[in-house]
Amino acid sequence: MSATVIVDALWGDSGKGKVAAWYASKLGATYAVRAGTGTNAGHCLYPSANEIIKTRQIPLAFYKSKAKIRVGSGVVVDPRILLDEIATYSLQDRVKVDYRCAIIEPRFIEMEQNSSHLKNTVGSTASGTGQTRAAFILRQALQAKDLPELAKYTTDVAQELNEACKAGEEVIIESSQGTYLSLALSPDYPFVTSDNVTTAASIDDVGLNWQHLKRVVMIVKALPSRVGAGPMSGEITEAEVHKLGIEEYGTVTGRLRRKGHLDFDLLKYAAMLNGPTEIALTFADHFDPDITGSDKLTPKVKELIKKVEKACGAPVRLVETGKLYSNLVELK
Ligand code: IMP
Ligand code: MG
């Protein structure tokens, strides 16, 4: 029993990559593995004010941990992005993807970019992820094992992870997007991504036997955001977002994110689906500017934590008070 899954409660963009990096370092993980859909997700982490680490394919946990970096077989792989991230961060000896991962081909990206349904109605990131999944389901996709340029970067991730867990090692599984973007579990179809992104979906994405699952960290973004179309309860106006100075732009698409207040009924349902054992409350500085960069909770954030814990039925362990990696505060 030694795997930790990191999932998002709502619509993503909540710092899963950064939180997963924190857990990998804290627990001394031997593996950090990406679950989720594909390269539609953009994860970023700020080691300092003028330094940024950004990835779309691999987990960010290479920062501050010695974990081996893996991508599970349920995640589709864009070889161009994968090889670029490996080269950019000099990870030739640490990164491997499952040999069964389906491959995003340039034609799949073009098909998404030319689909007015995906681009205009759904608000897809047009990364080729959904089109590749469709080809995979129709048994028409290439897999990582079919590409000579990936030969030295493939392995059986499921076997590695299950063996590591059996040996008592720590494994961190990083999901993508958010619970309410799950294909078959969100009430908002078609404004969803191309697979489920819950706890159960995540362990399936990486081939982990459920008996190894020890911890589920559900991320709650204190002032949630949504990119693309679809309902968003508690949404505030763009003018209000500007007035509060809390604009956020998508890592992959550069789009301004819609923002809103937490809906505790949605949180409760997300907790029912994901079964969190602990919560990471991120973007607390957007909810209460007074907490920015601090390692002490403000009364307003303390109040919020109580409500979040009640809705989720799990304790808040980690609070993010600013954009730097060092702004993650563990509650004792
Ligand atoms: P797709 O998965 O790129 O086709 O996008 C489908 C929907 O999911 C759109 O509303 C996207 O904005 C949203 N989406 C996809 N990836 C992410 C992500 O990483 N964060 C937040 N929303 C995402
Ligand atoms: Mg999946």
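Any read-out appearing in this document is the output of simple, stated calculations on the displayed coordinates, not a laboratory observation. Keep in mind the model is a prediction, meaning the values are calculated, not measured. A quick note on method: Cβ atoms are made from the backbone with ideal geometry, for glycine too, and the neighbour counts reach across all protein chains shown.
Please work out whether the range 47-204 counts as rounded, prolate or oblate from its C-alpha gyration tensor, where a ≥ b ≥ c are the square roots of the eigenvalues and a/c under 1.5 means rounded, while otherwise a/b larger than b/c means prolate and anything else oblate?
Rounded shape, in that the Cα axes give a/c under 1.5.
Between residue 151 and residue 184, what FRET efficiency follows from the Cβ-Cβ distance if R0 is 45 Å, with the result rounded to 0.05?
Values: r = 34 Å, r/R0 = 0.76.
So, using R0 = 45 Å, E works out to roughly 0.85.
I need 272, 232 ordered by Cβ neighbour count within 10 Å, fewest first.
272, 232
Which values of log₁₀ I(q)/I(0), to two decimal places, follow from the Debye formula for the range 193-332 at q = 0.10, 0.12 Å⁻¹ with a uniform point scatterer at every Cα?
-0.37, -0.54
What is the range 190-251 by shape, rounded, prolate or oblate, if you read a ≥ b ≥ c off the alpha carbon gyration tensor as root eigenvalues and call it rounded for a/c under 1.5, prolate for a/b larger than b/c, and oblate otherwise?
On the way: a/c = 3.31, a/b = 2.20, b/c = 1.51.
Prolate, because a/c is 1.5 or more and a/b exceeds b/c.
Counting alpha carbon pairs within less than 8 Å and at least 6 residues apart, what relative contact order, in whole percent, applies to the range 213-332?
Details: 196 pairs, mean separation 33.9, N = 120.
Worked out over the range 213-332, it gives 28 percent.
If you place +1 on the Cβ of every Lys and Arg, -1 on the Cβ of every Asp and Glu, and leave all else neutral, what size is the dipole of the chain about its Cα centre, to the nearest 20 Debye?
Computed about the Cα centre, the dipole is about 400 debye.
I'd like to know how the range 1-66 sits against the 2.2 N^0.38 Å rule of thumb: what's its Cα Rg over that expected value?
1.08
Could you give the DSSP H helices of the chain that reach 24 angstrom or more along their long axis (alpha carbon positions) and whose average Kyte-Doolittle hydropathy is no lower than 1.6?
Within the chain not a single helix satisfies the rule.
Write down the Kirkwood hydrodynamic radius of the chain, to one decimal in angstroms, obtained as one divided by the mean of 1/r over all alpha carbon pairs.
Working: mean 1/r = 0.0508 Å⁻¹.
Hydrodynamic radius (Kirkwood, Cα only) of the chain equals 19.7 Å.
For the chain, what does the helix formula give at 222 nm: sum of -39500 (n - 2.57) over DSSP H segments with n ≥ 4, over the residue count, nearest 500 deg cm²/dmol?
Mean residue ellipticity, 222 nm, calculated: -8000 deg cm²/dmol.
Is the shape of the range 23-100 rounded, prolate or oblate, going by the alpha carbon gyration tensor and its root eigenvalues a ≥ b ≥ c, with a/c under 1.5 for rounded and a/b larger than b/c for prolate?
It is oblate, given that a/c is not under 1.5 and a/b is not larger than b/c.
How would 202, 182 line up from fewest to most surrounding beta-carbon atoms within 10 angstrom?
Lowest to highest Cβ neighbour count: 182, 202.
Take the eigenvalues of the Cα gyration tensor for the range 1-140, scale each by 5, and report the square roots as semi-axes in whole Å, largest first.
With the √(5λ) rule applied to the range 1-140, the semi-axes are 26, 17, 15 Å.
Summarise the long-distance tail of P(r) for the range 246-298 by giving the % of C-alpha pairs beyond 15 Å.
64 percent
If you average 1/r across every pair of different Cα atoms in the range 250-332 and take the reciprocal, what Kirkwood value do you get, in Å?
Radius from the Kirkwood sum: 13.7 Å.
Please provide three numbers in whole Å: the alpha-carbon extents of the range 126-208 along the principal axes, with the largest listed first.
Sorted largest first, the three principal extents are 41, 33, 19 Å.
Give me 51, 320 sorted ascending by neighbouring Cβ count inside 10 Å, so fewest comes first.
So the residues, fewest neighbours to most, are 51, 320.
I'd like the projected area of the range 112-257, averaged over all directions, using the convex hull of its alpha carbons. Report it in nm² with one decimal.
Numbers: hull surface 46.5 nm².
Computing the convex hull of the Cα atoms and averaging its projections yields 11.6 nm².
How many angstrom lie between the C-alpha centres of the range 140-166 and the range 218-263?
36 Å
Based on alpha-carbon centroids, what's the gap between the range 93-114 and the range 8-71 in Å, whole number please?
Value for the Cα centre distance between the two parts: 19 Å.
What FRET efficiency, computed as 1/(1 + (r/R0)^6) with R0 = 22 Å and r the Cβ-Cβ distance, is obtained for residue 290 and residue 256, rounded to the nearest 0.05?
0.35
Using 27 Å as the Cα-Cα cut-off, could you pick out the over-long pairs in 214/306; 243/268; 259/332; 119/300; 64/145? Each step should come with its number before you reach the end.
Working: 214/306 24 Å; 243/268 30 Å; 259/332 30 Å; 119/300 39 Å; 64/145 30 Å.
Too far apart for the 27 Å limit: 243/268; 259/332; 119/300; 64/145.
Can you list the aspartates and glutamates whose alpha carbon is less than 20 Å from that of residue 323, not counting same-chain residues fewer than 8 positions off?
Cross-link targets: 8, 13, 51, 174, 247, 248, 285, 288, 290, 295.
May I ask which residue of 103, 276, 76 lies farthest towards the positive end of the charge dipole of the chain, with charges of +1 (Lys, Arg) and -1 (Asp, Glu) on Cβ and the Cα centre as origin?
Comparing the listed Cα positions along the dipole, 276 ranks first.
List the pair-distance distribution P(r) of the range 168-215, using every Cα-Cα distance, as the percent of pairs falling in each 10 Å bin from 0 up to the bin containing the longest distance, rounded to whole percents.
Histogramming the range 168-215 at 10 Å steps yields 27, 46, 22, 5, 0 percent.
Just how many % of Cα pairs in the range 99-152 lie over 13 Å apart, if you round to the nearest whole percent?
58 percent
Provide the percentage of antiparallel DSSP beta bridges, counting only those with both residues in the chain; round to the nearest 5.
DSSP beta bridges in the chain are roughly 25 percent antiparallel.
What is the antiparallel percent of DSSP beta bridges lying wholly in the range 183-332, to the nearest 5?
Once the DSSP bridges in the range 183-332 are tallied, antiparallel ones form about 45 percent.
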